[in-house]
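Encoded as structure tokens, the structure appears first; notes follow it.
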Amino acid sequence: MSELQLIALLGDGKFHSGAELGRSLGISRAAIWKQINKLTEMGVDVEAGKGRGYRIPGGICLLDRSEILQQLSPESSGLLSTLSIEQSVSSTNVLLRQCAEKQNASGNVIIAEQQTAGRGRRGRKWVSPYGRNIYLSLCWGFEGGVAVIDGLSLAGGVAVRRALRRCGVRKVRLKWPNDVLWQDKKLAGILLEIVGDPAGYCQVIIGIGINVDMREQEATEVDQAWASINRIVEEPVARSALAGCVLDELLQVVSEFEREGFSAYRREWMKYDAYADKEVTLKTVTQETRGVARGISKTGAIRLEVDGAINTFSGGEISMREASQGQSHDS
């Protein structure tokens, strides 16, 4: 694909003249101009400098399959069925769910350079610029239906935090039920979707989005405080290495979760609970409840102390925010 070849040439962040690019690709300068327009349509930020040529500001490095697989332990490699790296998809979750609806897709993974219709919880848009972040989905099959996957999104958060730490990202906290935070700003999110029998064998699509190299101009539609890895670390993190670490940790987590359930991860999740012992507000479709967050139950439900009594809350359409904050920023 000539667009990918062009991205590879511009990936160093330096200016390259149209003539130079044309010679490298064996096409005319006019054809280069057309390819540049295609990159812009794909959402790639290409800068044109008069008399200097073209560049991708800050450079860009596309996902590399071999680098991703290098991060996997022998155990994780044995758990992986297929790994597909896509350029642009509506959503990695949507693509993998469609596969799971046709066949058993347990162990299948899709990672994309870009999502055109990425979504977070409660239908919120997940901003997904080309070649900047990680958009990854894993399918895993479970016997016993939805009853056996309580707490799975929290276990996914544990896997993401472990992977981030491996790549040098510190001070990462977890927010119930599906967020990964850095200094109270959203760094990553997890979204689960279920295919199959709610009471029997079902396949769970675990979607993970991580902000790696998000730019201010790309985040104008983000409606909450956000963080991006390469803005908070001293040395930039390679997306392929991070994607491989996430996949390695996630495969091991879902495999153990299948055997042990959430109990294997509850203590670790609570150690990094961003809202532990803080006053928070839980909001459902019909009501708001204010209290003090007291960790999570054995099944991953949030425990809220209200007027001296502990209440537990679980389910899909619940958002949580610190009581001192304004509008809810859950997604």
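Tabulated data
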{"read-out": "Computed FRET value (nearest 0.05) for residue 73 with residue 37, which takes r as the C-beta separation and R₀ as 45 Å", "value": "0.55"}
{"read-out": "Which of 151, 190, 180, positive extreme of dipole for region 141-197 (C-beta unit charges)", "value": "180"}
{"read-out": "The chain: relative contact order as a whole-number percent, Cα under 8 Å and 6+ apart", "value": "15"}
{"read-out": "Other-chain or far-sequence residues with amide H under 5 Å of residue 311's (modelled H)", "value": "304, 305, 306"}
{"read-out": "Inter-part distance where region 142-174 and region 252-331 are each reduced to a Cα centre, Å", "value": "14"}
{"read-out": "Size of electric dipole in the chain: Cβ of Lys, Arg +1 and of Asp, Glu -1, about Cα centre, debye, nearest 20", "value": "660"}
{"read-out": "Cα centre as origin, Lys/Arg/Asp/Glu Cβ charges: region 222-281 dipole, Debye", "value": "20"}
{"read-out": "Highest-MSF residue in the chain out of 17, 106, 90 [GNM, Cα springs under 10 Å]", "value": "17"}
{"read-out": "In Hz, Karplus ³J(HN,Hα) per residue of region 293-308 (6.51, -1.76, 1.60; θ = phi - 60°; x = Gly, Pro)", "value": "5, 10, x, 10, 7, 5, 9, x, 6, 6, 9, 10, 8, 10, 6, x"}
{"read-out": "Simple Cβ-charge dipole of region 173-258, Lys/Arg +1 and Asp/Glu -1, about Cα centre, in debye nearest 20", "value": "200"}
{"read-out": "For residue 295, distant residues with modelled amide H under 5 Å away", "value": "277, 303"}
{"read-out": "On Cα atoms only, tilt of 152-166 relative to the major axis of the chain in degrees", "value": "50"}
{"read-out": "In Å², nearest 10: area of residue 270 left accessible to a 1.4 Å probe", "value": "70"}
{"read-out": "The chain: calculated mean residue ellipticity at 222 nm from DSSP helix runs of at least 4, using -39500 (n - 2.57)", "value": "-9000 deg cm²/dmol"}
{"read-out": "Rounded FRET efficiency, nearest 0.05, which uses the C-beta distance separating residue 103 from residue 20 and R0 of 51 Å", "value": "0.65"}
{"read-out": "Within the chain, percent of DSSP bridges classed antiparallel, to nearest 5", "value": "85"}
{"read-out": "Partners for residue 14 among aspartates and glutamates (Cα-Cα distance below 16 Å; same-chain residues under 8 apart left out)", "value": "45, 47"}
{"read-out": "Links that overshoot a 26 Å alpha carbon limit, given the list 102/298; 186/278; 278/298; 175/298; 38/185", "value": "102/298; 38/185"}
{"read-out": "Ordering of 141-147, 175-181 by packing [mean C-beta count within 10 Å, highest first]", "value": "175-181, 141-147"}
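The values are calculated or read from the model by the stated rules, or taken from the named source; none is laboratory data. All values reported here derive from a predicted model rather than from experimental measurement. Because the Cβ atoms are built from the backbone with ideal geometry, glycine has one as well, and the counts that use them run over all protein chains shown. Heads up: the accessible areas ignore ligands, DNA and RNA and are worked out on the full protein's heavy atoms, side chains in. Shrake-Rupley method; radii C 1.70, N 1.55, O 1.52, S 1.80 Å.
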